[in-house]
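What follows draws every value from the coordinates through simple rules; no lab data is involved. Keep in mind it's a predicted model, so treat the numbers as computed, not measured. With ideal geometry, Cβ positions are generated from the backbone for all residues, glycine too; neighbour counts draw on all protein chains shown.
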Amino acid sequence: MKMQKQIGMTEIYESSKGLLENAGPGSKTAVIVAGHRFDESQKPEDERICYDPYAVHFVTPEIRELNKDPLKAKAMLESLGNVGILLLGMGNSTRARVRYFDDFVKASIDKGLEQLVILGAGYDTRAYRIEGPHDRGNFKVFEVDHPTTQGAKKEKIKEIFGELPDHVMYVPVDLRTEILGERLLGSGYDRSKQTLFIMEGLLMYLPPKAVDEILSSIVNNSAKGCSIIFDYYPESVVNGNSELEVGRITHDYLAKIGEPLLFGIRDGMVEEFLRKRGFSEICNVTSEDYKNAYFYGKNENRPVSSLLSFAHAEVK
Ligand SMILES: C[S@@+](CC[C@H](N)C(=O)[O-])C[C@H]1O[C@@H](n2cnc3c(N)ncnc32)[C@H](O)[C@@H]1O
């Protein structure tokens, strides 16, 4: 009988590590997310889930090469067997997250948003590509990130646009140790303006105490009706004991690349979690919700991962 090779985190790490070898000193997960935006953006307009024309600048040459060679990419995924499909689902959930958050930003702008704060901004390019932020005179975007990743990003932005745009305030902050409210107020943030706080792919990398500190900084320094949007994993994934193989692999892989998962929310508890911290109008978005919203027609058979949910809420 032919023995099936067991695929685990080590095989995934070994087969993909070349893609991140030239990721530079900043966050590797920020490059992985830019890779998803880049890959999706290469698809025809009527097929892609999200679109980011600048993502190409934030990925490694190896990720760009792999995108040009779909047969190699397919073989790489197939070599991982069932686990390859599970990882594909995680990737698709990440792409749906970009789209959902984009749609949310656009809807907020239409409703009169006056200020945008992007926490753990990484290589997020919304400040440069979504209409509103760069073409409205006094609209400011605050990009908050760890100084190392933000430094790398600013260099790239200068390369792309020739200079750093006036409407973006770059606020280097270590969210584990610094108080967000103080750093924002010191950077020109206006606590009386209608503001949206984006935390995309961020909270899971911070200790629970830092997550509480961020949410309390937001509640204490913003007007009623300001919003937050973020995504989260269930606590079981963060603890490394997910019932799902993809959950355990994700946990081990992120620890291996030096960005371990630290914060999750127990299934079914997001509303209570946010209400206790001063938020109302809470909306939880499950994988089923975003699968139904975005994956139809040619995309109908693309898997998503049940592990990644999104949530948004307003300051009470
Ligand atoms: C998965 S990336 C997401 C980047 C971006 N939001 C996106 O979706 O493309 C995680 C981001 O969180 C940031 N981050 C992690 N720990 C941080 C900390 N202690 N302080 C500030 N930023 C942090 C990283 O620098 C990185 O940009």
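Here are a few things to note about the model shown:
- Pairs where the first residue, in segment 205-222, is under 22 Å from THR195 (Cα atoms) and touching a residue at least 12 places away in the same chain (Cβ under 8 Å) and the second is surrounded by fewer than 16 Cβ atoms within 10 Å (Cβ to Cβ) and not charged (D, E, K, R), C-beta under 7 Å, 6+ apart: GLU213/ILE179; SER217/ILE179; VAL219/GLY278; ASN221/LEU185
- Of residues in segment 6-59 being more than 14 Å from the ligand (Cβ to nearest atom), aliphatic (A, V, I, L, M) and part of a loop (DSSP other than H, G, I, E, B), the one surrounded by the fewest Cβ atoms within 10 Å (Cβ to Cβ): ILE7
- Helices (runs of 4 or more DSSP H) wholly inside segment 114-227 that include at least 2 residues being within 12 Å of the ligand (Cβ to nearest atom) and more than 23 Å from TYR51 (Cα to Cα): 147-161, 180-185, 208-220
- Residues in segment 165-194 that are in contact with a strand residue (DSSP E or B) (Cβ under 8 Å, 6 or more places away or on another chain) and either loosely packed, with under 13 Cβ neighbours inside 10 Å or acidic (Asp, Glu) (or both): GLY188, ASP190.
- Cross-chain or 6+ apart pairs with Cβ under 6 Å, segment 15-37 first and without any contact (Cβ under 8 Å) to a residue 60 or more places away in the chain and over 14 Å from LEU202 (Cβ atoms), then near the ligand (Cβ under 9 Å from one of its atoms) and outside any loop (DSSP other than H, G, I, E, B): ALA23/VAL31
- Selection over segment 284-298 of residues that are within 21 Å of the chain's Cα centre (by Cα) and surrounded by fewer than 15 Cβ atoms within 10 Å (Cβ to Cβ) gives a count of 4.
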